[in-house]
Amino acid sequence: MAQAQLEMKPGVRVDLLPPRRHPLTEFWRRYRRNRLAVVGLVIALLFVVTGIGSPWIAPYSYTEQNLDAVELPPSWAHPLGTDDLGRDQFSRLVWAARTALIVAPSATVVGVTLGLLFGLMAGYFGGWVDRIIMRLSDVLFAFPGLLFALLIAATLQPRFEQWLLQFEVTKPWVRSGYVEFLVVITALSAVGWPGLARLVRGQILSLREEPFIEAAEALGIPAHRILFRHLLPNALPPVIVAISMGMGGAILAEASLSFLGIGIQPPTPSWGGMIINNFQYWRKPSAPWMLWAPGLIVAALVFAFNFIGDGLNEALNPRDQR
Amino acid sequence: MLKYIVNRLLWLPVLLVIISFITFALGVYGPGDPVQQLLGQRSDPETVARIRRELGLDRPLVIQYIDYVRRALRGDLGESITVARGQPVIKLIARGLWVSIQLNAVVIALGVVVGIPLGVLAAVRRNTLLDYLTTAGVVMGISFPTFLTAPILLWLLSYQVRLLPPGGWDGVFSRSVILPALVLGAGPIAVFARQTRANLIEVLDQDYVRTARAKGLPELLVLGRHALRNALIPLITIFGLMLGGLVTGSFITETIFGIPGIGRLGFRAFSARDYPILTALTLLIAVSYTLANLLVDVVYALADPRIRYE
């Protein structure tokens with residue numbers, strides 16, 4: 001109706017505003033356009049559901065050994081066969097999703113929080129704060145990433161254990177393997193934050209010059225409020241994209257650490273650990289699936305989170321109005 | 001410009017001191033005493049103590065560190081404790097370094113020779129099947145971890161079809177190079193292809209490209225003389241950082257293929273807690289990373305006159 005009325009005035013050009021939608025609806029409309037991003041989201045959801053529901057999804061426990069059924073090929077009872085100790089490969093893969101679901105998001109959250117905080121401070125305060133934070137990130141960047149994570153993990157392990165043994169509540173954790181999770185998460189976050197700090201700093205540096213920040217400062221709004229209410233929300237889109245990509249990276253890094261024998265220790269299942277444990281099978285051409293299954297899952301997740309990142313980038317980029 | 005370079009170079013020794021100290025401290029406070037590793041779990045505690053004293057490992061951290069720096073300045077990075085007992089670290093690293101540099105040179109060459117043309121093709125034939133295939137390949141190259149691709153290629157090309165040797169190292173011009181180069185090359189090929197495609201698409205939208213087309217230049221000239229040159233500038237960053245990575249071996253790939261490079265040395269040193277080797281390796285990587293970064297910035301400024309450093 002409104003359209004018809006507007007068209008009745010000849011010679012007057014009217015820019016019709018796009019229909020007003022709820023921001024989330026609008027976000028989803030834009031995100032959905034990237035079909036690969038939707039595929040990525042489905043894979044990621046599948047991962048989360050598997051990780052949470054592993055006790056109900058996995059037909060066997062991850063420790064249940066059956067020495068009469070060692071190295072079996074796939075069958076109805078064991079869809080992906082059994083490993084060298086007769087453990088059901090499929091169940092272990094499912095349980096490993098839980099391991100990854102604990103490690104990757106925690107490491108990402110800690111790394112992102114550190115990165116955001118340091119990036120904000122460096123970008124906003126400048127001067128010697130900026131110099132110290134940036135030099136620190138230089139140092140961490142110059143370290144070979146995997147080696148640094150290995151060293152941190154190896155150094156922290158006994159210290160964490162001793163520390164936890166002091167308290168009655170945390171004593172049983174040491175035996176149950178929680179320490180390994182803590183160690184891996186710390187190591188991955190320590191390696192992960194500098195990249196994000198630089199990204200945030202760059203964002204802040206360009207935002208600082210915007211008139212609305214100048215206005216806020218002129219109004220005498222305290223620094224912490226400017227930082228968290230005005231600068232942070234505007235710097236978020238690229239950060240959200242980085243978080244998504246970081247999740248994939250963390251899954252890969254956890255697998256790499258386990259592959260190299262540091263971090264999540266058997267019998268707790270981890271995809272990287274399963275790959276190294278099943279490594280013997282590549283000499284045995286009869287059982288390649290033992291290796292491919294965990295490897296392909298890791299690859300699929302890295303793939304998924306990369307595409308989610310791409311989709312988010314397109315959906316959150318205000319310059320890309322379509 | 002010169003001032004900028006000097007400033008950056010002055011930072012290098014500071015960086016090295018911090019990095020070596022961190023690695024050193026991690027080594028001293030880290031788990032797994034190398035001497036214990038060397039003598040085995042049931043070794044005589046007195047012998048362990050004696051060897052520790054001989055190696056100077058019983059002194060306070062700071063004293064050990066100062067001593068290390070003093071000798072490092074004279075070019076002595078210590079001796080291996082467990083990996084190759086008594087051998088100078090410098091010699092071990094030099095041997096592995098040469099192997100890793102050769103392997104990585106092949107990998108970077110693969111990235112440039114395969115990745116850039118792929119990216120150009122995908123950009124020129126945008127939204128065609130070729131473009132989609134390239135994008136899919138790029139994604140696989142980036143997301144497939146080496147600990148997946150290495151075993152799969154090994155299984156396929158070395159055990160099923162007995163085409164290539166399963167590992168080892170017979171120099172850069174032998175067939176044993178092919179598998180590890182493919183495994184390590186997937187990433188660089190993907191990165192170069194993706195970056196080239198993105199840059200070229202952006203450049204092709206620029207006014208000067210339209211002008212070149214409007215004056216009737218053949219498309220090949222537009223591409224080669226005007227578009228590509230500008231599209232390739234950002235690749236300097238990737239290329240430079242990869243050059244810096246020449247000295248970084250790959251832990252996983254070199255170990256899987258049994259290549260006696262820096263990566264395998266590093267992994268063996270880590271497993272055996274051979275800290276003199278680890279510290280030296282970390283320093284080497286830090287130096288090359290920092291210099292590569294500096295080189296990138298300088299070359300970038302030379303290649304793109306729009307960039308200036310105060």
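Every number here is computed from the coordinates shown, using simple stated rules; none is lab data. As the structure is a prediction and not an experimental result, all values here were calculated from the model. Because the Cβ atoms are built from the backbone with ideal geometry, glycine has one as well, and the counts that use them run over all protein chains shown.
Within the listed set B:Gly40, B:Gly96, B:Gly244, the residue fluctuating most in the Gaussian network model of chain B (springs between alpha-carbon atoms under 10 angstrom) is B:Gly40. Using only the alpha-carbon atoms, how far is helix B:178-204 inclined from the longest principal axis of chain B? Give it as 0 to 90 degrees, nearest 10. Helix B:178-204 sits at roughly 40 degrees to that axis. For the pair B:Ala301 and B:Trp11, label points projected 7 Å from Cα toward Cβ lie 1.3 nm apart. A:Leu188 sits among other residues whose Cβ lies under 14 Å from its own Cβ, and their net charge, with Lys and Arg +1 and Asp and Glu -1, is -2.
A run of chain A free of exposed loop cleavage sites, with GluC sites (Glu not before Pro) counted only in DSSP states other than H, G, I, E and B and at most 13 other beta carbons within 10 Å, reaches its longest extent at A:1-167. Extending 7 Å from Cα along the Cβ direction at B:Trp98 and again at B:Asp205 yields two label points whose distance is 5.1 nm. Each residue of the stretch A:267-273 was assigned a 3J(HN,Hα) from its phi angle through the Karplus curve 6.51 cos²θ - 1.76 cosθ + 1.60 (θ = phi - 60°); the sequence is x, 4, x, 9, 4, x, x Hz, with glycine and proline shown as x. In the stretch B:185-310, taking the dipole from charged Cβ atoms about the Cα centre, the farthest positive-side position among B:Leu294, B:Ala231, B:Gly258 is held by B:Ala231. Within the listed set B:Asp297, B:Asp207, B:Asp170, the residue fluctuating most in the Gaussian network model of chain B (springs between alpha-carbon atoms under 10 angstrom) is B:Asp207. Compared with the dominant principal axis of the Cα atoms in chain A, helix A:145-165 is inclined by about 70°. Out of every Cα-Cα pair that the protein assembly as shown contains, those further apart than 46 angstrom amount to 22 percent.
Evaluate Rg over Rh across the stretch B:98-262, taking Cα atoms for both radii and Kirkwood's formula for Rh. Using Cα coordinates only, the ratio equals 1.06. Normalised by residue count, the stretch A:174-236 yields a Cα convex hull volume of 97 Å³ per residue. Note on B:Lys215: aspartates and glutamates with a C-alpha under 20 Å away, same-chain residues under 8 apart excluded, are B:Asp205, B:Asp207. Over all Cα pairs of chain B, how is the pair count split among 20 Å bins, expressed in % and running from 0 up to the last occupied bin? Result, from short to long distances: 26, 48, 22, 3, 0 percent. Computed packing ranks the peptides B:5-16, B:171-182 as B:171-182, B:5-16, most packed first, by mean other Cβ atoms within 10 Å.
Across the stretch B:1-139, C-alpha contacts under 8 Å between residues 6 or more apart give a mean separation that, scaled by the residue count, equals a relative contact order of 12 percent.
The stretch between B:Gln36 and B:Leu129 holds 27.5 nm of extra length on full extension. This uses 0.36 nm per residue minus the Cα-Cα distance. Can you list residues from other chains, or at least 5 along the same chain, whose modelled amide H is less than 5 Å from the amide H of B:Glu79? Residues meeting the criterion, in which the H sits 1.01 Å from N, are B:Val89. Calculated FRET efficiency, B:Glu54 to A:Leu165, Cβ-Cβ distance, R0 = 56 Å: about 0.95 to the nearest 0.05.
To the nearest ten degrees, helix A:35-57 and the longest principal axis of the Cα atoms of chain A are 40 degrees apart. Taking A:Leu301, A:Leu260, A:Leu120 as the candidate residues, the one with maximal mean-square fluctuation in a Gaussian network model of chain A, Cα springs under 10 Å, is A:Leu260. Computing FRET efficiency as 1/(1 + (r/R0)^6) for A:Arg20 and B:Leu220, where r is the C-beta to C-beta distance and R0 is 35 Å, gives about 0.10.
Rounded to the nearest 500, the 222 nm mean residue ellipticity of chain A from helices alone is -23500 deg cm²/dmol, with -39,500 (n - 2.57) taken per DSSP H run of at least 4 residues. Note: the stretch B:1-147, Cα convex hull, 197 Å³ per residue.
Taking every residue in B:135-147 and counting other chain Cβ atoms within 10 Å of its Cβ, the average works out to 5. Dividing the alpha-carbon radius of gyration of chain A by the rule-of-thumb value 2.2 N^0.38 Å gives 1.25.
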